[in-house]
Amino acid sequence: MVHADRGPWDDAPRGLGLVLDEGRGSLPYALLHGEALVACAAWALGESGVDLVDATVPWAGIVESGEDLVLHDSLCPMTPPSFIAVCLERARETGRPVVGVRPVTDTVKVVTDGHLGATLDRDRLLAVASPLVLPAAVLVTLAHCPPGDLARAVAALAAAGHSAETLQAPPEARRVSGEDDVRLLEALTQPLGGAG
């Protein structure tokens, strides 16, 4: 039970968190509300109740810690700390990986041999957002850190016998793919009164 004045982490181990920024070009360093996306993502992890881990820490050290691990995409910088905490709590309850997702709003077509085919029903599709939470019991079964691309990481976990539970992330947790998306996210998360 989470009380209004306490976070879900008050009675549980904090867990470890990694902000993923490799393989994303310079976009993680674009500014949003005057801060780099990667800094916003790190802040959200810290506020969610997990301890940030430097990316240089060896995988074996993370596994040996016995802590749960939260992987947070720097391109989902405004994911609310409360949502990250809910995902961590859910992974602890079930012992399964948990991943934040968003509904697919774009039209998605099948392409076969270079030819455009049928339109997929987007109501049956999900876009991986952030975070991806790996319970400690899952970590010990993995020889190395999952891929930094969270969609690929979810697929790799499934191939290893660990299907991830999905939780719908709030709109501000959307993943950005360019400067236009950053400006849209900035408008979506503008503090009341227009300051920021």
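None of the figures in this text is laboratory data; all of them are computed from the coordinates on show. As the structure is a prediction and not an experimental result, all values here were calculated from the model. Every residue, glycine among them, receives a Cβ derived from its backbone with ideal geometry; neighbour counts consider all protein chains shown.
Structural remarks
- Taking the listed residues 164, 153, 169, the one that is in contact with a Gly (Cβ under 6 Å, 6 or more places away or on another chain), surrounded by 14 or more Cβ atoms within 10 Å (Cβ to Cβ) and touching a residue at least 60 places away in the same chain (Cβ under 8 Å) is 169, with no other qualifying.
- Where strands (runs of 3 or more DSSP E) fall entirely within the range 38-113, those with at least 3 residues that are in contact with a helix residue (DSSP H, G or I) (Cβ under 8 Å, 6 or more places away or on another chain), buried (at least 16 other Cβ atoms within 10 Å of the Cβ) and at negative phi are at 69-73, 98-103.
- Scan of the range 144-163 for residues that are among the hydrophobic types (A, V, I, L, M, F, W, C), under 18 Å from residue 67 (Cβ atoms) and not in a helix (DSSP H, G or I), ordered by number: 145
- When each of 172, 165 is tested for being touching a Lys or Arg at 6+ places or on another chain (Cβ under 8 Å) and among the acidic types (Asp, Glu), the lone residue that passes is 165.
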